[in-house]
1. What whole-number volume per residue, in cubic angstrom, does the convex hull of the C-alpha atoms of the range 136-190 give?
2. Over the chain, with a Gaussian network built from C-alpha contacts below 10 Å, which listed residue (90, 280, 29) shows the highest mean-square fluctuation?
3. For the chain, what is the relative contact order in percent, using Cα pairs closer than 8 Å and at least 6 residues apart in sequence?
4. Report the residue, chosen from 169, 236, 273, that carries the largest GNM mean-square fluctuation when the chain is represented by alpha-carbon nodes joined by springs under 10 Å.
5. Considering the chain as a Gaussian network with a 10 Å cut-off on Cα pairs, which listed residue, 277, 259, 37, attains the greatest mean-square fluctuation?
6. Rounded to two decimals, what ratio of Rg to Rh does the range 166-276 give with C-alpha atoms and a Kirkwood Rh?
7. Take residue 74 and residue 2, extend 7 Å from each Cα along the Cα→Cβ direction, and tell me the distance between the two endpoints in nm.
8. Compute for the chain: radius of gyration divided by Kirkwood radius, i.e. Rg/Rh, restricted to C-alpha atoms, rounded to two decimals.
């Protein structure tokens, strides 16, 4: 029998990505707080647009995503020609590594950064380089010290996941200023809408040739199941990415839902305000239970426990109550639980369970 072909170098070094769990045996009323999804779901406008678009599912979608790009640009005050859309921001991250990194190149990311950064780097044959953080925050000095002549891409999530901490705009600019020619800074703004007036790096992406920003419709807009993301940056970078983008990478249904969602500013404002209120309530209640957390600028909170055993014990207890959170040991936090911010009713249920666990 002939031997199977061997994969490219780096592929077998990729650890399989594990998404947040969604089921607990014996519970039909699961409260899922493991994937940072919008507890209010998708806006009614997006659901209606998706139903209408589904009537034309036999037709190929447009290849240029022109209407969605125009809507994104209108809402954010951007140049639509510099917007590119992908199957979640994950696909855009993958394109960036495919286009700009390969064998012999390095891709920098922080020690607690999104796992797709090293995965996409290895898939392109490049070497991911992990740079330490400082007290659960991105450390600009450490990143700049980690840059070598082989560095092609630097990825940071801002706000960061799973910590929720935010690097200031001034520090982001300092990082961009310190990178050498030929090195692209990628600002992953999946949670940027929850961080007040912070623009997620869109301004820098519009002004500079070495900064590219990514966003997603999975969090604020509740379209995780539709898989829509977008990026913004230099025309030259967008032109390169469009050369490797599949011509029909987004469906008619996804495009219609995303366009309706991004134009629904009332829904977005409501979700941002509700998240801020429930996030503050969650952090305050955790503190009262002796569980500290850093100020979060996202739609989740990273609760810190006395040690890994206590974190696992709490996680197990919450599952017994039908509540799923995330134990981010694979992100370097074995003594923490990342908890997506629920709505008011979900917070009632979560906090009651945490109080009972602490009292047991």
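Please treat every number below as a calculation from the coordinates, not as lab data. What you see is a predicted model, and the numbers here were worked out from it, not measured in a lab. So basically every Cβ, Gly included, is an ideal-geometry build from the backbone, and we count neighbours across all protein chains shown.
1. Working: hull volume 4.1 nm³, N = 55.
Spread over its residues, the Cα hull of the range 136-190 gives 75 Å³ apiece.
2. 29
3. Values: 695 pairs, mean separation 83.0, N = 360.
RCO, the chain: 23 percent.
4. 236
5. The residue that fluctuates most here is 277.
6. Values: Rg = 15.3 Å, Rh = 15.3 Å.
Ratio of gyration radius to Kirkwood radius: 1.00.
7. Taking the two extended label points, one gets 5.4 nm.
8. Values: Rg = 20.6 Å, Rh = 21.2 Å.
My calculation of the ratio gives 0.97.
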